[in-house]
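The values are calculated or read from the model by the stated rules, or taken from the named source; none is laboratory data. Here the structure is a predicted model, which is why all the values come from computation and not from measurement. Cβ: placed from backbone, ideal geometry, glycine included. Neighbour counts: every protein chain shown. Keep in mind that these areas ignore ligands, DNA and RNA; they rest on the heavy atoms of the full protein, side chains included. Shrake-Rupley method; radii C 1.70, N 1.55, O 1.52, S 1.80 Å.
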Amino acid sequence: MERRKISIYILVIFISVILVFPFYWMLVTSLTGRASLLYSPQLLPDIKEIDLSAYFNIINKKPIIKWFFNSFYVALFSTICTLIISILAAYSLSRYSSKFNRLIGYSMLIIRMLPGTLLIVPFYIIFQRLGLINNHLSLIIGNVAFITPFAIWMMKGFFDGIPVSLEEAAQIDGCTPLQAVWKIILPLTAPGLSATAIYSIILSWSEFLMARTFLTGQDAWTITVGISSLMGEHIIIWNELMAGGLISIVPVIIAFIILEKYLVSGMTAGAVKQ
Amino acid sequence: MISVGFMLPAAIVVISLVIYPIIKTLVLSFQNVRFFGAPAQNIYFTLKNYYKLLYSPSFWHSLNVTAIYTLASVLIAFVIGLVTALLLNYKFKGNRIARIAFLLAWPIPGVVVSLMFVWMFDSSFGVINYILRSLNIISTNLMWLSSPKMALAAVISATVWKGYPFFTLMLYAGLQGIPKELYEAASVDGATAIDKFKYITLPGLRTVITISIILNGLWVFRAYDIMFVMTGGGPARSTETLPIKLYQEAFQYFHISYAAAIGVISLIICIIVIAISAPLLRKEFY
């Protein structure tokens, strides 16, 4: 059995190295001096040769900070709206199962499976008529449309895990149904709420198609559009590009590390129930 | 009363942002709209777009590219996901760290993934050519993204890297659902690890495997971010999938109705796949 454990460790380390390599390489490149980029790549760089100039350059040359805050602003509001809509809907789906409910539920499922490029054309037409092109509101609305189905599904799972008897007990004690939800159920779903919120932040942060189509002015861009614009230039300064890329993923990586244990436990709970 | 009231915001979202746009796209595909903001009144209905589509070699080419791209990306990601899920299933110290390492690619935006891979696949300075040359697998640098034959491989690699964590997660969760007693009983009966895998693990994972392959397949089929940033559909349209083609027709050539027709066809393909798998999915989700 000992030999088995060792071979598993070796396999895990070997596979981890391969799978994590793109991150590593992005980091190494961002810390390389501009001249050194033209030399042969070095898999294990010299500690002495680390050069932070790429980070300063990219922040000075392009509105990276502005893009960063645009993404943050859009992600924040998309998440708030999504949470409100999906908590209500998920609670309804979990506790009451009417035809109307299930119809909306299935439609939500369908949204998850539609091509983004399918909806982008009508969305553009709608937002153009509303005068919302180059306005972050169009992106927020679009995000809400795409993220709500996921969020409803996640929250429904968490609501299902709370016995109805708790609300009934609260109502016997004199709460209205609404108070029962607000005071008893919501606090219990705090982990589920956080998980859904972080998931929504990650999805909004990654949004590219709609951001690129609806946001026309460079100052309005989110970080994803901004980074992609850097790649379209004639001369690409790779260490700066990698620095920009790394800056753009720091929030989602932090969010992911927090979320990770909820993701796994949420999914395994669903599996065990069967 | 509460049930309907609570569902109302979600219902409004669905009707205005899903049902209406789909109907609008459907209607557009039967018209001849050539720019955004065209007045709706004097547009007549025609099947022209669908004829053009079915007789257009570039459409079938895009469909072909999409099929290859989707199949290759899903299957390779599935294998990696299965291997990583099986590994995570063992109890070993540092399992949590391994889990984070294996899943770390998941939250990364497609744009940033493309960034990483365009740089790694760079012909002159990229690390992949460097490693391949160092291992003597190739003698001169491969022109990954400028060669029609290799570009698709590069994009598939990037898609696989972003996509495999989904399988890792789903399959890992599925593995938790297989009772440990089955493995113990099999050990008592003298089963080898391969036997256990074939006769306990795989059948136990059957539902999860089907669902995850379908969901991931639909995701790759619809994927746009990575392809657009890495190749934009080139070179020589060798990586032009349906979503790329649709976006080009709509926002570059302003063939809005034609693009809508492409969208409807994509939707039909997705619906067929969903319809085939609906019985399985319903059990999982609602």
Checklist line | Hey, A:Ile15 open to solvent by less than 80 Å² (accessible area, probe 1.4 Å) and part of a helix (DSSP H, G or I) or not | finding: yes
Check: Taking the condition more than 9 Å from every other protein chain (Cβ to nearest Cβ), more than 23 Å from the chain's Cα centre (by Cα) and exposed (fewer than 14 other Cβ atoms within 10 Å of the Cβ), does A:Asp51 pass?
Finding: no
Next item on the list: Taking B:Ile68 as meeting all but one of (1) at pLDDT below 90; (2) β-branched (Val, Ile, Thr); (3) open to solvent by 50 Å² or more (accessible area, probe 1.4 Å); (4) farther than 29 Å from A:Leu246 by Cα, write down the number of the exception.
Entry: (1)
Notebook entry, point to check: Is the stretch B:123-136 home to any residue that is in contact with a helix residue (DSSP H, G or I) (Cβ under 8 Å, 6 or more places away or on another chain) and in a helix (DSSP H, G or I)?
Noted result: yes
Checklist line | Verdict on A:Pro122 being at negative phi and more than 11 Å from every other protein chain (Cβ to nearest Cβ) | finding: no
Margin query: Looking at A:Ser206, A:Ser228 in this structure, which one is open to solvent by 10 Å² or more (accessible area, probe 1.4 Å) and in contact (Cβ under 8 Å) with a residue 40 or more places away in the chain?
Written below: A:Ser206
Check: Does the stretch A:125-143 hold any residues that are facing another protein chain (nearest Cβ under 7 Å) and not hydrophobic (A, V, I, L, M, F, W, C), and which are they?
Finding: A:Gln128
Next item on the list: Considering only the stretch B:115-129, state which residues are touching a Pro at 6+ places or on another chain (Cβ under 8 Å) and either touching a residue at least 12 places away in the same chain (Cβ under 8 Å) or open to solvent by less than 20 Å² (accessible area, probe 1.4 Å) (or both).
Entry: B:Met116, B:Phe117, B:Met120, B:Gly126, B:Val127
Notebook entry, point to check: Do you know which residues across the stretch A:99-138 are without any contact (Cβ under 8 Å) to a residue 12 or more places away in the chain and under 19 Å from the mean Cα position of the chain (by Cα)?
Noted result: A:Met113, A:Leu114, A:Pro115, A:Leu137
Check: Listed residues B:Leu54, B:Leu87, B:Leu75; which is surrounded by fewer than 22 Cβ atoms within 10 Å (Cβ to Cβ) and within 13 Å of chain A (Cβ to nearest Cβ)?
Finding: B:Leu87
Next item on the list: Say whether the condition of being surrounded by 13 or more Cβ atoms within 10 Å (Cβ to Cβ), over 15 Å from the mean Cα position of the chain (by Cα) and at pLDDT below 85 is met by at least one residue in the stretch B:212-229.
Entry: no
Notebook entry, point to check: So which pairs qualify, if the first residue must be in the stretch A:35-62 and under 20 Å from A:Trp221 (Cβ atoms), the second must be surrounded by 12 or more Cβ atoms within 10 Å (Cβ to Cβ), the Cβ gap must be under 6 Å, and the two must be at least 6 apart or on different chains?
Noted result: A:Tyr55/A:Ala243; A:Asn57/A:Glu240; A:Ile58/A:Ile64; A:Ile58/A:Glu240; A:Ile58/A:Ala243; A:Ile58/A:Gly244
Check: Which residue, of A:Leu178, A:Leu186, is open to solvent by 70 Å² or more (accessible area, probe 1.4 Å) and either aliphatic (A, V, I, L, M) or touching a residue at least 40 places away in the same chain (Cβ under 8 Å) (or both)?
Finding: A:Leu178
Next item on the list: Return yes or no: is A:Tyr96 on the phi < 0 side of the Ramachandran plot and over 27 Å from the mean Cα position of the chain (by Cα)?
Entry: yes
Next item on the list: Run down B:Trp119, B:Trp106 and say which single residue is within 11 Å of another protein chain (Cβ to nearest Cβ) and either modelled with pLDDT under 90 or under 21 Å from the mean Cα position of the chain (by Cα) (or both).
Entry: B:Trp106
